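Just so it is clear, none of the values below were taken in a lab; they were calculated from the coordinates. Since the structure is predicted, the reported quantities are computational estimates derived from the model, not experimental observations. Here the Cβ is made from the backbone with ideal geometry for all residues, glycine too, and neighbour counts use every protein chain on show.
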Number of protein chains: 2
Amino acid sequence: MSLIHLYDTTLRDGTQAEEISFLVADKIRIAQKLDELGVHYIEGGWPGSNPKDIAFFKEVKKVSLKQAKIAAFGSTRRAKTTPEKDNNLRTLIEAEPDAVTIFGKTWDFHVREALRISGEANLELIYDSLAYLKQHVAEVFYDAEHFFDGYKANPEYAIDTLKAAQQAQADCIVLCDTNGGTLPHELPAILTEVKKHIQTPLGIHTHNDSECAVANSLMAVEHGIVHVQGTLNGFGERCGNANLCSIIASLQLKMGHQCLTEKQLQRLREVSRYVYELANLVPNPHQAYVGNSAFAHKGGVHVSAIQRHPETYEHIRPEQVGNVTRVLVSDLSGRSNVLAKAEQFNINLDSKDPVTMEILEKIKDLENKGYQFEGAEASFELLMRRALGSVKQFFSIIGFRVIDSKRHGEEKPFSEATVQVKVGGRIEHTAAEGSGPINALDNALRKALESFYPQVKDMRLFDYKVRVLPTGKGTASITRVLLESGDKNMRWGTVGVSDNIIDASYQALVDALQYKLLKDAEDE
Amino acid sequence: MSLIHLYDTTLRDGTQAEEISFLVADKIRIAQKLDELGVHYIEGGWPGSNPKDIAFFKEVKKVSLKQAKIAAFGSTRRAKTTPEKDNNLRTLIEAEPDAVTIFGKTWDFHVREALRISGEANLELIYDSLAYLKQHVAEVFYDAEHFFDGYKANPEYAIDTLKAAQQAQADCIVLCDTNGGTLPHELPAILTEVKKHIQTPLGIHTHNDSECAVANSLMAVEHGIVHVQGTLNGFGERCGNANLCSIIASLQLKMGHQCLTEKQLQRLREVSRYVYELANLVPNPHQAYVGNSAFAHKGGVHVSAIQRHPETYEHIRPEQVGNVTRVLVSDLSGRSNVLAKAEQFNINLDSKDPVTMEILEKIKDLENKGYQFEGAEASFELLMRRALGSVKQFFSIIGFRVIDSKRHGEEKPFSEATVQVKVGGRIEHTAAEGSGPINALDNALRKALESFYPQVKDMRLFDYKVRVLPTGKGTASITRVLLESGDKNMRWGTVGVSDNIIDASYQALVDALQYKLLKDAEDE
């Protein structure tokens, strides 16, 4: 079984989805995760179309990736210029990626109508853009846009465009189902025909407009394609791109292709959820392989059968992709997960200790209330240590008040917070303003604690995420707040949940401060 | 091209999804919609397992369906009884459906482990359950459970079970991919083999655990299967069943099979959304064919091309399934997008009018600040109308104050808001509490406006989304709030952006109220 190259375009084509917009910092974090997962190529953006994308290529050089190569995306040169003078090709080279992917027109109709040039001129565009890039970039891939539609309209011309890419020594020619209209049974005959003319390694890039993007990708691999483009969770415009999560799992677990190591594949669910989190989207519980419901079984009868012979009721073992069998009602992450976490935190926990059961109960209860500890490991560690009675109470908060007020004509509300904190016998009562109620509360809280614990001054908040959990109750919905805090040594995440956003933020802020004080005390 | 029978099991297998539970009345309404859509068979439930399902079969007789046949679901008889004495078979007959579908074991392993009988005894179960039902019900279908896994484990035995069903004169034998693990490329060889032994018409029933349920169904039709089972929107346990919406559209628009009339097909999106509504689930915007984003296009350059030659940028004409092309207003927005939007809102805007440029500038400026009008079309319409000077000022807000306070020992903060609103010369000063500051502000604002505009009472907030735009400044980040409001006639989205979450929410709330008053005034 051959190695199939995984080419992820979450950061480029994935961001074409209406609701997705990543900051450069998010893109870097996702690139690191994709690298850890073991993806071979990460398409970071289209430097010629977007200044944010140029920044990505600069920043990504500063982090060291283990194996993934960074690819930049662009188009063939413009009709009226030479490759040397083409701005788009220049920005691609200047981005200094490991690989470049450019797309060109395959469908004669688009050549006439969109480019308004002759078919011959389009072949030249493809050829000399690729040949020029080959001199400057290690690997050059060619995306044959609208390939399947173009092939159906004019097979000879479509093949001619691929031949031009082959002559230019493209390292891979990627057949794109740009409009997403192709069905799996159409692929074998088309691929057979393409392979008669093209010896260059072939790739596939599909969209999900017919709900067949994953199937088409797998079918293409079955017929000799060696490079698969897609996005995590199938993010992408319209109906999305091919979902790499599903493709990876099927290629590896069912079709015998080695893409990732076993250990890497076990992180599939984690990485899928990480990307949802940074995109601020609710994960699809029914998502194949990685969804919360993917291995959820109803009914008492099934359950013991599943425990005895899981392989006859589940198409794969969920652990292979980092998921778990869920017996409905008990939403639980499972005792073994808790024990594994404890070990990670250097907490000595015995599987038979009643405290373990207590922690499990507590987590189950909190998860039902909307807590989520992925991305909030500091809160998770505090929860365990509190159950074990091993967290010192560094401070207690007697009360707080936050006031936002706005008078007609003022640009925005004035936010002010007051806090009373008690440490030992002493009480500190502080007031602070801020941009917004939560920032004001944060400022007042630190100000109060700094007089007792000066190290709090080192601490910074890096990220603040709010997720409204849909309950259909509008502004009275449940809110989950995730904070990422850090000091010069480390970063940590905390969580708070409440129907009151101030309260949810307050919980996460207090956890963040307690964690800081706990870790500083451990270091001493 | 042959007629493919569509067999919908939304009301039976669809309700196995964790979050779905229909009342009998809901099921009747859905059955009527499915009938109008033109589905051939509607599986209403499993009368032997559930009293609610028995009620359905009674109730559905009272409504007159145009063409759809009602099917009841059940299992083969128990091992230790005769068909005549089997409770399950009796309730099936007593339900008096037009058709009955029973499932039986195909996989020898399950026969031994779950039924704990011999392979031979299982063949008898299948044969005599079906033969008995054939005497009492007009049409009898056989679901071969775990067919594909069973076939891979023991092809001969799997085929023997189908032969038993054939001998019993089943009207259709349905091959089930119960665990959802089958991939499309595996189907042709298996179906060829089955057809060597079985002349009874064949059906397919797939699950989406490998994200290939739709593709597998289409592939099966391509290889001679004439009956397709699935659910609307792919509802179902774990990763769901095959999505009939996608299957119907592809069969009819791409594979040349006549399933529905053209007019019926145009109701596909409506019926899909109707079922979401009754299931109380948010429709998937990226759903193939019927989703809100399925034909959404970004980018000014594309837009004019789509208007000229839609068929080259869309895999089908969205109108064929009752959907529409949507032009997204985004940071790529050009003049043509704005004009297309204006037309949609019935606003008369000339491309040469300087106001058009002004609106464009304003949008770009707001988008740079973090505004997003995808999902906030009401705010977008207000923005246009304000630029044109055609929005009446229904009210002005003199000021507001929001206070959140918490004392040690209290479970969560107390939130209270006061608002002063002026309409004409009159000022209303109100106070309200709420769960959280924004809910309190929302309550106080409505309370103030209700005395002037009683219709505000009809209005409800359906969804409240908060997006913190990461700027790396922790709790001082920019916040974007998206609201979805509605009354008995319509729903509308508004947006607010600020570094103060109260302020962002306030903007979106005020827009929502203004939009409601504007539309009500237009209606008069």
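Observations, loosely collected:
- Beta bridges assigned by DSSP with both partners in the protein assembly as shown are antiparallel in approximately 50 percent of cases.
- Relative contact order (percent, whole number), chain B, Cα cutoff 8 Å, 6+ residue spacing: 9 percent
- Once you divide the Cα radius of gyration of segment B:5-260 by 2.2 N^0.38 Å, the number left is 0.94.
- Restricting the calculation to Cα atoms, every distinct pair contributes to the Kirkwood radius of segment A:65-177, found to be 13.9 Å.
- For A:Asn500, nonlocal amide neighbours, meaning residues 5 or more places apart or on other chains whose placed amide H falls under 5 Å from its own, are A:Thr479.
- Formal net charge of residues neighbouring B:His40 (Cβ-Cβ distance under 12 Å; K, R +1; D, E -1): -3
- Listed residues B:Asn50, B:Leu513, B:Thr261: farthest to the positive end of the dipole of the protein assembly as shown (Cβ charges): B:Leu513
- Hydrodynamic estimate: the Kirkwood radius of the protein assembly as shown over Cα pairs, inserted into Stokes-Einstein at 37 °C and 0.692 mPa s, corresponds to D of 105 µm²/s.
- Stretching A:Val355 away from A:Arg460 to a fully extended chain increases their span by 34.5 nm, per 0.36 nm per residue minus the current alpha-carbon distance.
- Annotation: amide H of A:Asp177 within the under-5 Å range of A:His205, A:Thr206, A:His207, sequence separation 5 or more or interchain, hydrogens built in the peptide plane.
- Taking a sphere under 13 Å around the Cβ of B:Lys406 and counting the other residues whose Cβ falls inside, with K and R at +1 and D and E at -1, yields a net charge of -2.
- Think of each Lys and Arg Cβ as +1 and each Asp and Glu Cβ as -1; about the Cα centre, that makes the dipole of the protein assembly as shown roughly 1460 debye.
- Look at the stretch B:477-485: the mean tally of other chain Cβ atoms within 10 Å of its residues' Cβ atoms is 3.
- Extended-chain gain in nm, criterion 0.36 nm per residue less alpha-carbon gap, A:Gln264 and A:Phe452: 63.2 nm
- Per-residue Cβ neighbour rank within 10 angstrom, fewest leading, A:Thr479, B:Thr325: B:Thr325, A:Thr479
- Percent of beta bridges antiparallel (DSSP, segment A:5-260, rounded to nearest 5): 5 percent
- Using the Karplus relation 6.51 cos²θ - 1.76 cosθ + 1.60 with θ = phi - 60°, the per-residue 3J(HN,Hα) values for segment A:456-465 come to 4, 4, 5, 7, 9, 9, 9, 8, 9, 10 Hz, with x marking Gly and Pro.
- Gap separating the Cα centres of segment B:1-41 and segment A:37-101, nearest whole Å: 48 Å
- Summing Cβ point charges (Lys, Arg +1; Asp, Glu -1) relative to the Cα centre of segment A:439-524 gives a dipole of roughly 360 debye.
- Antiparallel DSSP beta bridges within chain B, as percent of all bridges there, nearest 5: 50 percent
- Here the 3J(HN,Hα) profile of segment A:428-439, calculated from phi with Karplus coefficients 6.51, -1.76 and 1.60 at θ = phi - 60°, is 10, 10, 10, 9, 7, 9, x, 8, x, x, 6, 5 Hz, Gly and Pro shown as x.
- The 3J(HN,Hα) values that the Karplus relation (6.51, -1.76, 1.60; θ = phi - 60°) gives for segment A:209-224 are, in residue order, 5, 10, 6, 10, 4, 5, 4, 5, 5, 5, 4, 5, 5, 4, 10, x Hz. Gly and Pro appear as x.
- Over segment A:5-260, Cα pairs under 8 Å with separation of 6+ residues give a relative contact order of 19 percent.
- Taking every C-alpha pair closer than 8 Å and separated by at least 6 residues, the mean separation divided by the residue count of segment B:372-524 gives a relative contact order of 20 percent.
- Dipole-positive endmost among B:Ala296, B:Ile398, B:Val194 within chain B (Cβ charges, Cα centre): B:Ile398
- Whole-number D in µm² s⁻¹ for segment B:379-524, Kirkwood Cα-pair radius fed into Stokes-Einstein, 37 °C, 0.692 mPa s: 203 µm²/s
- Selection from A:Leu360, B:His227, B:Gly38, by position along the positive dipole direction of the protein assembly as shown (Cβ): A:Leu360
- Centroid-to-centroid separation of segment A:478-520 and segment B:181-236 [C-alpha atoms, Å]: 50 Å
- Neighbours of B:Ala279 by Cβ distance under 10 Å: Lys/Arg scored +1, Asp/Glu scored -1, total -3.
- Helix A:155-167 vs. chain A, principal-axis angle (Cα, 0 to 90°, nearest 10): 80 degrees
- Residues whose amide H lies under 5 Å from that of B:Trp492, counting only those 5 or more places away or on a different chain, are B:Ser485, B:Gly486; hydrogens are built 1.01 Å from N in the peptide plane.
- Stokes-Einstein diffusion of chain B at 37 °C, 0.692 mPa s viscosity, Kirkwood radius from Cα pairs, rounded to a whole number: 123 µm²/s.
- Rounded to the nearest 20 debye, the dipole magnitude of segment A:1-82 is 500 debye, with +1 charges on Lys and Arg beta carbons, -1 on Asp and Glu beta carbons, and the Cα centre as origin.
- Angle between chain B longest axis and helix B:24-37 axis [Cα atoms, degrees, rounded to 10]: 80 degrees
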